[in-house]
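The values are calculated or read from the model by the stated rules, or taken from the named source; none is laboratory data. Remember, predicted model here, so these are calculated numbers, not experimental data. Positions of Cβ are backbone-derived with ideal geometry, glycine not excepted, and every protein chain shown enters the neighbour counts. For accessibility, only protein heavy atoms count, side chains too; no ligands or nucleic acids. Shrake-Rupley method; radii C 1.70, N 1.55, O 1.52, S 1.80 Å.
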Amino acid sequence: MEYSSRKSVVAAIKSYTISRGVDYNVYEPEPLTFYVKCKTYGNGCNWLIRTSLIRKKGCWEIWRYNGRHTCTIGTISQDHSKLDSETVAEAIRPLVESDSSIKVKFKIAEVQSRFNYTISYQKAWLTKQKSIAKVFGGWKDSYQALPWWHSIVTQKMPDQLKYKGTPLVAVAQDGNQNIVPIAFVLLEGETTDAWHFFLRNLRRHVVKKDGVGMISDRHESIRAVVNRFGSNWQPPRACWMFCIRHIDSNFLRTFKIPHLQKLVVNIGYSRTVEEYNINYKRLEERGEAYARWCDAIGLRHWVLAFDEGHRWGHMTTNLVECINSVLKGA
Ligand SMILES: [Zn+2]
C-alpha cells in the first residue's frame, strides 16, 4: 500500500489500531520511517509495522508487516490513547463541513461508529474549534478576509447596508497636548449595560492608574455605572466630572431663559473659592431655583475650583467631539 504523506500513513495506522481496540508503541521515531510494535510485543503478540518514505516515488510504503494481532486489551475502556484530538477532529471534519454548528452528541455518535469508542462530551467539545479551524481556517484568517468580504457586499448589495450601533469612545491628552483615542467600542446603544461593559473594560485594561479624572456628559447610564459598587470610577481612585457645555444646554432646556446660562458657565469656570462665591451669588440673585439647580450637580463634578486638579484645565468634552468628527468622516 502507498500513502501520500507521513501524516496519512500515521492516521491510517491509528485508525486501524483504535477500531481494533489494540495499542502500539513507536520504535525508532525518525522523520523518514514510522515503525511501531504492538504494546504487548514479545508477550504473546508479534504485530508490527514498518513504513518508510520512498524518495524516488515520493510516497510512503509499508516495508514490513507482521499481522495480525493475537492480543486483546483486557479492560474495556471509554477512551483510547491514540484517539487524540487531532484524530477526532479529522473524523468529524465532514460533519463540521456541512454544518459548523453541529451538536456535540452527533459528533460523539460519529466517533462511536468510526472507532467504536464513546469519547467524553468534553473531548468532543474541545475538538470542535480544531475541526472548525481545519475547515474554515482560523479566526485570524477569517478576520483578514473581512475587508475583502465587506467590499464585495458593499458592491453587490448597496441598499441592504443599514448600520446600527453606537460607538463609545474614550479620548485622552498626553503631555505633548496630543489628542489620543485610547479605547472604543460599538454597542447597541447608550444603555446602562453598554456603558458598564465599556467603562469596566476601560478601567481593567487601559486606565489602570488611580487618581484620574473622567469628563463626560451627564447621561443617566454613565451615572448608574459610576455609582455602582466596585465600579472603580469613584474617589479616590477616579474623579468623574461633567462637561460645562452639556451643563449649559441642560440649564437652557430646563429653564428656557436664553441669557442666564452664561452665568452658570461662569460658575463652572471659577478658579478660586472667592471667584465661585461671587459668580454663584450673581446667579442666585436672578432666582433661587437657578441656584438650587446648580447645587444639585455637586461642586466637585463641575466647578474648576473644586476639581482638586483632576481636570488639568479641561472644562468640556471637546477632545471627544474632535475624534468623533474624524470617525464620522471614516
Ligand atoms: Zn497485539
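From the Cα trace of the range 230-270, what convex hull volume per residue do you get, rounded to a whole Å³? If you can, show how the numbers build up before the last one.
Values: hull volume 3.4 nm³, N = 41.
Output value, Cα hull per residue: 82 Å³.
List the lysines whose Cα sits under 21 Å from the Cα of LYS256, skipping any in the same chain fewer than 8 residues away.
LYS281
What's the Kirkwood radius of the range 1-125 in Å, using all Cα pairs?
After inverting the mean inverse Cα-Cα distance, the result is 15.8 Å.
Quick one: length gained pulling VAL135 to ASN178 fully straight, 0.36 nm per residue minus the C-alpha distance?
Numbers: separation 43, 0.36 × 43 = 15.48 nm, distance 4.53 nm.
This chain segment gains 11.0 nm when fully extended.
Report, by chain and number, residues whose modeled amide H sits under 5 Å from the one on VAL212, excluding near sequence neighbours (fewer than 5 apart, same chain).
Long-range HN contacts for VAL212: CYS239.
Taking the Cα atoms of the range 237-330, what is the range of coordinates along each of the three principal axes, in descending order and whole Å?
Answer, in whole Å and largest first: 48, 33, 19 Å.
Please report the net charge: other residues with Cβ closer than 11 Å to the Cβ of VAL96, K and R +1, D and E -1.
Working: positive: ARG93, LYS107, LYS128, LYS130, LYS134; negative: GLU90, GLU97, ASP99, GLU110.
Its environment carries a net charge of +1.
What pairs from LYS82/LYS107; LYS14/LYS128; LYS103/LYS164 go past 29 Å between their alpha carbons?
Details: LYS82/LYS107 17 Å; LYS14/LYS128 20 Å; LYS103/LYS164 31 Å.
Going by Cα-Cα distance, LYS103/LYS164 fall outside the 29 Å limit.
Could you give the dipole magnitude of the chain about its Cα centre, charging the beta-carbon of Lys and Arg +1 and that of Asp and Glu -1, in debye to the nearest 20?
1240
Please find, in a Gaussian network model of the chain (springs between Cα atoms separated by less than 10 Å), the residue of ILE267, ILE13, ILE244 whose mean-square fluctuation is greatest.
In the Gaussian network model the winner is ILE13.
How charged is the neighbourhood of CYS45? Take every other residue with its Cβ under 15 Å from the Cβ of CYS45, and add Lys/Arg as +1 and Asp/Glu as -1.
Net charge around CYS45: +3.
Whole number please: convex hull volume per residue, Cα atoms of the range 157-203, in Å³.
It is 100 Å³ per residue.
On the Cα set of the range 166-329, report Rg and Dmax in Å, please.
Rg, Dmax (Cα atoms, Å): 16.5, 47.
With point charges of +1 on the Cβ of Lys and Arg and -1 on the Cβ of Asp and Glu, referenced to the Cα centre of the range 266-330, which listed residue (ALA296, THR317, GLY329) lies farthest in the positive direction of the dipole?
Toward the positive end, the furthest listed residue is GLY329.
To the nearest µm²/s, what D does Stokes-Einstein give for the range 88-230 at 4 °C and 1.567 mPa s, using the Kirkwood radius over alpha carbon pairs as Rh?
Here the translational diffusion coefficient equals 65 µm²/s.
At 1.4 Å probe size, put TRP312, TRP233 in order of accessible surface, largest to smallest.
Numbers: TRP312 220, TRP233 10 Å².
The ordering from most to least exposed comes out as TRP312, TRP233.
State, as an integer percentage, the relative contact order of the range 164-221 based on alpha-carbon contacts under 8 Å between residues 6 or more apart.
Taking the mean separation of contacting Cα pairs over the length of the range 164-221, I get 28 percent.
Based on the Kirkwood radius over alpha-carbon pairs, what is the Stokes-Einstein translational diffusion coefficient of the range 83-161 at 10 °C with 1.306 mPa s viscosity, in µm²/s?
113
With an 8 Å Cα cut-off and a minimum separation of 6 or more residues, compute the relative contact order for the range 69-148 in percent.
33
May I ask for the angle, rounded to the nearest 10°, between helix 244-255 and the longest principal axis of the chain, with both axes built from Cα atoms and the value confined to 0 to 90°?
60
Under 12 Å from the Cα of LYS134, which aspartates and glutamates turn up, not counting those fewer than eight places away in the same chain?
GLU86, GLU90, GLU97
Using the heavy atoms of the protein chains alone and a 1.4 angstrom probe, what is the accessible area of the chain per residue in square angstrom?
Ligands and nucleic acids excluded, the result is 63 Å² per residue.
For the chain, what is the calculated [θ] at 222 nm in deg cm²/dmol (nearest 500), taking -39500 (n - 2.57) for each run of four or more DSSP H residues and dividing by its residue count?
Here the helix-only value at 222 nm equals -13500 deg cm²/dmol.
Using only alpha-carbon positions, what ratio does the radius of gyration of the chain give when scaled by 2.2 N^0.38 Å?
1.73
Taking +1 at the Cβ of each Lys and Arg and -1 at the Cβ of each Asp and Glu, which of LEU53, ASN43, HIS69 sits farthest along the dipole of the range 1-76 towards its positive end, judged by Cα position relative to the Cα centre?
The residue sitting most towards the positive pole is LEU53.
Mind ranking 89-101, 173-185 by how tightly packed they are, going by the mean number of other C-beta atoms within 10 angstrom, highest first?
Output ranking for 89-101, 173-185: 89-101, 173-185.
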